[in-house]
Every structure is written in structure tokens, then in C-alpha cells.
Amino acid sequence: MFPSILPAFDPANKPQLMPTDRDTVFADGTAQLFRFRNKQGLHGRGPVVLLVPSMINRWYVFDLRSGASLIEALVADDLDVFCIDWGAPQGEDRYITWQDIQERLHRMFRAAKRISGKPQLGVLGYCMGATLAAVAVALHPEGITSLVNLAGPIDFSKAGVLAEFTDARWFDAHAIAAPGNITPKQMQEGFTALRPTLQIGKWIGFADRSHDPKAVQAFVAMEAWANDNVEFPAAAYTTYISQLYQGNQLIQGTHRVGGQRVDLANVRCPVMVVCASRDTICPPAAATALIDRCGATETKVLEVPGGHVGAVIGSRASRELYPAMAAWFRRHGELA
């Protein structure tokens, strides 16, 4: 009943999602690679940055709305910004494997370098995208100037309640994926189970702030993104759950992609880990484990207040988090 509150608000107050101008510069299966332009219609002249979102959430968490957009901030700092849109897998994509995803990601690395005309780039991954990015950089460290892990699990033994939910003693990933791709409804119900009262609390909190147009815009934009999810290819899902969540193979050094062992010590570029203090999806210890296992000589941990999503698009992000990441990429891109 709570969502019926929204139509009472002026449609003119509806926020513009994905406000930064972009071009589709490369396509690979369902995935696309975007390159962003500033308000003058130009690409950044500074270091190249590639953003890697989660596979189950849409990419525009990075460009949610003006004032709450990491991409907007990076472009404003004259960085040359690329972002992957994984697309929406269809039924026949159930056979896409974890290896297929990694190979696609590596092609995106190469495409961003080729299209920008620069041989190096910085990489930022968010949530599962950070896990994918860490694996990709470990397998292909050449030309990577820096890596930012934004709330992405590395040590899955410290992944909190999600690790408990997916424990092999009571969770069979192969059985879950047997009918086909994992649907958004299946995944959303899992996240809802982390905090069963979150939905009602969210709408009550919104009612308290509904007099504030800025709060309304922020809420509507967040709801639009949070409910715009896509399926997870079944074959890739079984690997992700069984080998990473259940086997914790990445931190143990036994994870393999295409027969090649993923050694996090091969991540020798500067590494920043951004974790959120109240993150129940990726608790800070699950993310900061990358610092201990990577081979970088320069590392940084930045803990920000908030939860898994709020820390990235909340009111403080544009003031503190975005400038810190822009400065990180600019510094290491120019030093390379």
C-alpha cells in the first residue's frame, strides 16, 4: 500500500536518471561499453577509468541522478570515463559461464584502451563487479594503473549473513539454477531476508521526509534503480556461489578461470578499498581482505558511513567519496 503515496507528487519533480551524456562504443553479446561526455560534448582528456557494475544490478547506480552520480563527478574532473552495461540476459544465456564473463570483461579492458587511444586505465568495480574486476586484474595486470574495490567481497568467509544463507550445508546452487537463469525476484527475496522489516521502514521513513522535494527526488531515483534488476546467467551463478561463497577459493588462491589460477598477488597496481560502515551485503572485512592478499606496494582503505547502496549514492558521497576516488584515479593515472 505504501507505493501508492508516490503518484500524489508533482511529476515535474521526477528526477532525471542517467543524466550524463554517453555513447555506446563497443558491444559484446548482451553487454555494451559506454563512453561519457562532459557538458561541452567532449570526452575527458585525463586518465582513462573503466567502471564495472554488478551483473545483477543496472549500471546506472554510477550515474543515478545529477548530484548523486559518480560518473558526473569523474567526468567533471576531466577523466575519460567508460562503463560496462552487462545488459539483460535472456533464457538462452543460461549457459554463459563465469569464464565467459571474465573473457568478456577482458575484452572490455582492451576496447577501452583501444578506443581511448591510451594503453593504460584505472578500474573501479562495485559489489560483485569489484570481485569480477579483482579477478580480471589478477589475470591481466598489464596496463592497469590502479584498482578500486567499492564494497566488493573478496574474503567470502567474512561475507556476513549472505555467507550463512548460501552455506553448502543447506544451499544447493546447482539445484537453484537447474531451471535456468536466476530471476530478479529470487535475488530480491534473498536480500529482503537480510532485513525483513526494511521495506516497511523505508516507506515510513519516506513519509517523514515527503515534504522535502530533494528527499523525494532521491527516494524516487533510488527506488527506480533498486527495482530495475536483471537475471543472473545460471552457469555463472553456480560458479559464483559454489566456488566463491561456499569454497572461498579466491582468498585461498585455488580459484581458476580457464585453467589459470587467480593469484591476487598479481594485483600489483595501487589498490583502494572503499567499504561502508553498515554494509550487510559486503561487510568491511570481506572487502578489505584484498589489501592483505594483493601485491600492491601502495594501498588505501576508505571507510564511509552508510549501507551498501546509500554510501555510494547518499548525500555525503558527492562531497567526500567521489572527490577521493577522482583524485586517486587522476594521481595514479598521471604517474603511470
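The values are calculated or read from the model by the stated rules, or taken from the named source; none is laboratory data. All figures in this text were calculated on a predicted structure; none of them were measured in a lab. Heads up, the Cβs are rebuilt from the backbone with ideal geometry, glycines too, and the neighbour counts pull from every protein chain shown.
Residues that are out of contact with any Phe, Trp or Tyr (no Cβ under 6 Å at 6 or more places or on another chain), more than 25 Å from residue 276 (Cβ to Cβ) and in contact (Cβ under 8 Å) with a residue 24 or more places away in the chain: find the helices (runs of 4 or more DSSP H) completely inside the range 109-196 holding 3 or more of those. Before you say what the answer is, go through the steps one by one.
Values: elements: 128-139, 160-165, 173-177, 184-194.
Ranges flagged: 173-177.
Scanning the range 26-82 for residues that are among the acidic types (Asp, Glu) and either touching a Ser or Thr at 6+ places or on another chain (Cβ under 6 Å) or buried (at least 22 other Cβ atoms within 10 Å of the Cβ) (or both) yields 63, 72, 80. Among the residues examined, residue 254 does not qualify as part of a loop (DSSP other than H, G, I, E, B) and either acidic (Asp, Glu) or modelled with pLDDT under 95 (or both). Are any residues in the range 279-323 among the aliphatic types (A, V, I, L, M), over 20 Å from residue 217 (Cβ atoms) and crowded, with 18+ Cβ neighbours inside 10 Å, and if so, which ones? 281, 286, 287, 289, 290, 296, 304, listed by residue number.
Taking the range 241-278 as the search range and keeping residues that are of a type in the set (S, T, N, Q) and either in contact with a strand residue (DSSP E or B) (Cβ under 7 Å, 6 or more places away or on another chain) or at positive phi (or both), which one is surrounded by the fewest Cβ atoms within 10 Å (Cβ to Cβ)? By that ranking, first place goes to 277. All of (1) in contact with a Gly (Cβ under 7 Å, 6 or more places away or on another chain); (2) basic (Lys, Arg); (3) modelled with pLDDT under 95 hold for residue 316 with one exception: (1).
Among the conditions (1) part of a helix (DSSP H, G or I); (2) under 21 Å from the mean Cα position of the chain (by Cα); (3) farther than 28 Å from residue 176 by Cβ, the only one that residue 265 does not satisfy is (2). Does residue 153 satisfy the condition of being modelled with pLDDT of 95 or more and surrounded by 24 or more Cβ atoms within 10 Å (Cβ to Cβ)? Answer is yes for this residue.
Flag not set for residue 100, criterion: crowded, with 19+ Cβ neighbours inside 10 Å and either out of contact with any Cys (no Cβ under 8 Å at 6 or more places or on another chain) or modelled with pLDDT under 95 (or both). Restricting the search to strands (runs of 3 or more DSSP E) fully inside the range 21-72 and requiring at least 3 residues that are out of contact with any Asp or Glu (no Cβ under 7 Å at 6 or more places or on another chain) gives 22-28, 48-52.
Only one entry in 332, 308 is in contact with an Asp or Glu (Cβ under 9 Å, 6 or more places away or on another chain) and over 18 Å from residue 275 (Cβ atoms), namely 332. In the set (1) of a type in the set (Val, Ile, Thr); (2) in contact with a Ser or Thr (Cβ under 9 Å, 6 or more places away or on another chain); (3) crowded, with 21+ Cβ neighbours inside 10 Å; (4) farther than 14 Å from residue 283 by Cβ, residue 176 fails one condition alone, (3). Residue 333 meets each of the listed conditions (1) surrounded by 15 or more Cβ atoms within 10 Å (Cβ to Cβ); (2) small (Gly, Ala, Ser); (3) free of Cβ contacts under 8 Å to residues at least 60 places away in the same chain apart from (3).
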